[in-house]
Amino acid sequence: MESLSRRQLLGVLGASAAGLAGGGYWYVRGSDAVDCPEFLEPDREFRESTSEAWSEPIVDDGTVFVGGGAGIVRMSSGSRMFRLLALEPSGEPKWVARRELAGGIGRPRPTDDRVFVSTGANTLLAFDRETGGLEWEFDAGGNVEGHMGVVTLVHDDTVVASVNDPNHDELEGSNAVVGVSTNEGELQWTTELDASVSNGLALFEGTVVVATRAGTLVGVDPETGDRRWEGDLEGGVDWTGSPVSFAGSGWIPREDGTVVGFDPESGTIRDRLASDRGDDERENETDGFVRAMQGSDDALYVGNLDGRVTAYDADGSERWLYEGLERIAAMKTDGDAVSVLDQRGVYTELEPETGDVSRAFLLVDVRDDDRCGHFPSERRFGGFATIRHTLVVTGRVAFGAKTYRLPPPG
């Protein structure tokens, strides 16, 4: 029997089954068959072109912020328009800010008054939180050759970002982390680095921890830019690698798949959680083993390329192992569930204590003839966030950003 396409199946089920929660399950038959979860269709989508990419959605005080073009560090044809979205809990836009840039907008960092974003054009932008109006722009120069990292941080009156190949009178070297005043957008300090930074910025109890692609770990004073300490991760960091906090330590994955635990007050390595995946199983020498990592009050959750999620206790022992069917794209934890999105487009909620699946949904893209993961992409999905019963999912290429309505649990 031939596999039914999604549209063919919906024709069989009837229009009444094509709602958000669908009705029943969607089976694909054949040698590569998998039993797909109940499907959800999007109720809103945001995309402009096949080259659009979107940042991880960030939820803050009842609003979801999403930046367009995350990871696009330069445009081959000069510049084009990128958007920053502020979405209501329903998924409706609260406001949309548009800027013509030579590179995309990174992960938004909202505060009470503003939303800060880095760009792939080596500029840092500050928008009014309520209206989306641009308040100021810090230009590090080198707008074609250089770029900023995806992540920005805010500490008191300073916003922190990383720059690459700047062209600015007060910036020297090819790579640096900078502190800019939140109110005026003026450069306060700069600290040179040995390599570029993308996602490798985090705040740990008043210290900015910087993880460079070369594997150097630096603790920086957010008020002055002074180096408090410097450490060595003994291996490079993938561009997606971001430090997280768990059990009094900072943790970050290296390119070789080892998750390194370090002292956030000195940069000294305390522990290692080693990958059991050999080099011959990796797709290429720079393809990282870990694709998502989250820390909670009592567990560290590590999501891998092969679809596994492992929960570790504070002593480094394995609490549970969930074995999914496809590589992990993104992961979140809120205490009630460990939520996982894989590159098939399956959103799964796991019990934090046991790793058991509480529910799962296939996130359908209505523009594609989706056959439940027969052709999963390595980079189709970029991130997700939930607010009330709305699931906001972002991705690359043609997926764009979409909202789905999650049915109430139970």
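Annotations for the structure displayed:
- Projected-area mean, region 74-165, by convex hull of Cα positions, square nanometres: 5.9
- In this view, the solvent-accessible surface of His155, computed with a 1.4 Å probe and all protein chains in place, comes to about 40 Å².
- 4 °C / 1.567 mPa s Stokes-Einstein diffusion coefficient of region 62-123, Kirkwood radius on C-alpha pairs, µm²/s: 109
- For region 118-176, the calculated P(r), taken from all Cα-Cα distances in 5 Å bins from zero up to the bin holding the longest distance, is 5, 19, 26, 25, 15, 7, 2, 0 percent.
- Under-5 Å amide H pairs with Asp298, H placed in peptide plane, nonlocal only: none
- Long-range tail of P(r) for region 127-213 (Cα pairs > 15 Å, %): 58
- Largest first, the residues Asp232, Asp342 sort by 1.4 Å accessible area into Asp232, Asp342.
- Based on C-alpha pairs under 8 angstrom that are at least 6 apart in sequence, region 35-173 has a relative contact order of 17 percent.
- For region 188-231, the normalised intensity computed at q = 0.23 Å⁻¹ comes to -0.74 (log10 of I(q)/I(0), Debye sum over alpha carbons, equal scatterers, no solvent).
- Segment Asp263-Glu230, extension gain: residue separation times 0.36 nm, minus the distance between their alpha carbons: 10.8 nm
The values are calculated or read from the model by the stated rules, or taken from the named source; none is laboratory data. For clarity, every value in this text was computed on a predicted model and none was experimentally measured. Side chains included, ligands, DNA and RNA excluded: accessible areas come from the protein's heavy atoms. Shrake-Rupley method; radii C 1.70, N 1.55, O 1.52, S 1.80 Å.
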